[in-house]
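Have a look at the structure below, then the notes.
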Amino acid sequence: MYGHLGEVMQGSNLWPSNPSKFKQLMEHYIDLCTDVSRKMMRGIGLALGGSADEMEGEIAGDPFWVLRAIGYPASCILDEHDKADNVVGCGEHTDYGLLTLLNQDDDIVALQVRNKSDEWISAPPVPGTFVCNIGEMLKILSNGIYESTLHRVINNTPTYRVCVAYFYEPNFDAAVEPLDVCLQKTGGTKSIEGAVYGKHLVSKVINNFVM
Ligand SMILES: O=C(O)CCC(=O)C(=O)O
Ligand SMILES: [Fe+2]
């Protein structure tokens, strides 16, 4: 569905044979991330005044997930002037799904988020924790009660940075609309257009990635 790219994204994963335990390790990590994300969504359902399984079933009973292990090359800054021009990283964007769990290198500050005053502020890694981003699908479900935070990555350090990003998404074919409980809390009017998750994902990937 949603064209060739939609089929590819729903197809089976290709795993490298080297390192030999990579697939096993990553699948275990993915299972743990899926489990913690589902639990967080249950808490969010309750926090929004709904039931714990508000986001199960048709919405995320069979959640799609994406895992990206991203490497950011070290910067080769020569002086302070070069610093401002360094564009290596990840351009500003909001994430597409429900929740993202970012597992960043402990000792490199590179992730920035846009605050309510429209300033970029750093999100320094806190060892032993994830940074959790709210995705666009959760913004729709909550009718804007939850904001999908704009963020970007600039690695201005002399060190190669790794971030393992786990994206917890709705069912691939979920038609995502504001939840009744959130409509009631926000005056009864839909403030955001709904989206079919898989279609939304395909159009984002086509527009945002060089292929
Ligand atoms: O590398 C990071 O800290 C964030 C990556 C990111 O925002 C993304 O992959 O959507
Ligand atoms: Fe992101």
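The values are calculated or read from the model by the stated rules, or taken from the named source; none is laboratory data. Because the structure is a prediction, the values reported are computed rather than measured. For neighbour counting, all protein chains shown are included, and Cβ atoms are generated from backbone atoms with ideal geometry for every residue, glycine included. The accessibility values were calculated without ligands, DNA or RNA, using every heavy atom of the protein model including side chains. Shrake-Rupley method; radii C 1.70, N 1.55, O 1.52, S 1.80 Å.
Amide H contacts under 5 Å for Gly50: none, restricted to partners 5 or more places along the chain or on a different chain, H placed in the peptide plane at 1.01 Å from N. Listed by chain and number, the aspartates and glutamates whose C-alpha is less than 12 Å from the C-alpha of Lys116, apart from same-chain residues fewer than 8 away, are Glu147.
With respect to the cross-link table entries Lys21/Lys204; Lys21/Lys139; Lys23/Lys204, which display a Cα-Cα separation exceeding 29 Å? Beyond 29 Å between Cα atoms: Lys21/Lys204; Lys21/Lys139. With the simple model of a label 7 Å out from the Cα in the direction of the Cβ, Ser117 to Leu46 spans 3.5 nm. For the chain, the mean residue ellipticity at 222 nm estimated from helices alone is -9500 deg cm²/dmol, where every DSSP H run of n ≥ 4 contributes -39500 (n - 2.57) and the total is divided by all residues, rounded to the nearest 500.
Please sort through the DSSP H helices of the chain and keep those with an alpha-carbon extent of at least 30 Å along the long axis and a Kyte-Doolittle average not below -0.5. Helices meeting the span and hydropathy rule in the chain are 22-47. With a cut-off of 18 Å on the backbone N, no residue of the stretch 3-38 is near the modelled label site 7 Å out from Thr159 along Cα-Cβ. Taking Cα centre as origin and charging only the Cβ of basic (Lys, Arg, +1) and acidic (Asp, Glu, -1) residues, the dipole magnitude of the stretch 18-208 rounds to 100 debye. Within the straight-line cut-off of under 12 Å between alpha carbons, the aspartates and glutamates reachable from Lys190 are Glu177, Asp180, sequence neighbours fewer than 8 places apart in one chain being disregarded. Taking every C-alpha pair closer than 8 Å and separated by at least 6 residues, the mean separation divided by the residue count of the stretch 18-208 gives a relative contact order of 27 percent.
Remark on Val176: its backbone amide H falls under 5 Å from those of Ala195, Val196, Tyr197, a criterion applied only to residues 5 or more positions apart or on other chains, H modelled at 1.01 Å from N. Out of Ala165, Ala110, Ala47, any idea which swings most in a Gaussian network model of the chain, alpha carbons joined below 10 Å? Maximum among the listed residues: Ala47.
Rolling a 1.4 Å probe over the protein heavy atoms of the stretch 18-208, with every protein chain left in place, gives an accessible area that is 54 percent carbon and sulfur.
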